[in-house]
Amino acid sequence: LSQVRIDVKAGDSSPVNLTSNGVLPVVVYSSAGFDASQINAATVRFAGAAAESWSLADVDGDGRRDLVLKFRTQQTDLRALYE
């Protein structure tokens with residue numbers, strides 16, 4: 001079992017707005033021992049929601065493609081969790 005680095009990208013340094021109807025990007029980073037492009041993105045769930053879309057991009061500039069998943073904020077259960 002290995003650790004995988006992920007990050008929720010709310011845009012600038014603002015906190016995530018759980019009442020918005022926006023999109024919440026989540027990045028799964030590749031590393032020397034893990035290739036995020038091998039993830040079946042259709043099976044990924046974040047806070048109960050399926051990804052609306054996804055793409056591969058070198059987000060952290062290390063030469064490896066990272067998986068960027070986009071989730072609809074209102075489809076997650078984050079708001080109920082933090083109320």
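Observations on the structure shown:
- Filter pass, Val16 being touching a residue at least 40 places away in the same chain (Cβ under 8 Å) and either of a type in the set (Gly, Ala, Ser) or assigned to a strand (DSSP E or B) (or both): no
- For segment 73-83, the set of residues classified as open to solvent by 60 Å² or more (accessible area, probe 1.4 Å) and either hydroxyl-bearing (Ser, Thr, Tyr) or touching a residue at least 60 places away in the same chain (Cβ under 8 Å) (or both) consists of Arg79, Tyr82, listed by residue number.
- Screening segment 28-57 for residues that are assigned to a loop (DSSP other than H, G, I, E, B) and more than 14 Å from the chain's Cα centre (by Cα) and picking the one that is surrounded by the most Cβ atoms within 10 Å (Cβ to Cβ) gives Asp35.
- Top-ranked residue of segment 58-72 - restricted to ones that are open to solvent by less than 40 Å² (accessible area, probe 1.4 Å) and out of contact with any helix residue (DSSP H, G or I) (no Cβ under 8 Å at 6 or more places or on another chain), ranked as farthest from Asn21 (Cα to Cα): Val68
The values are calculated or read from the model by the stated rules, or taken from the named source; none is laboratory data. Note that the coordinates shown come from a computational prediction; the quantities given were computed from them, not determined experimentally. Quick reminder, even Gly has a Cβ in these numbers, built from the backbone with ideal geometry, and neighbours come from all protein chains shown. For accessibility, only protein heavy atoms count, side chains too; no ligands or nucleic acids. Shrake-Rupley method; radii C 1.70, N 1.55, O 1.52, S 1.80 Å.
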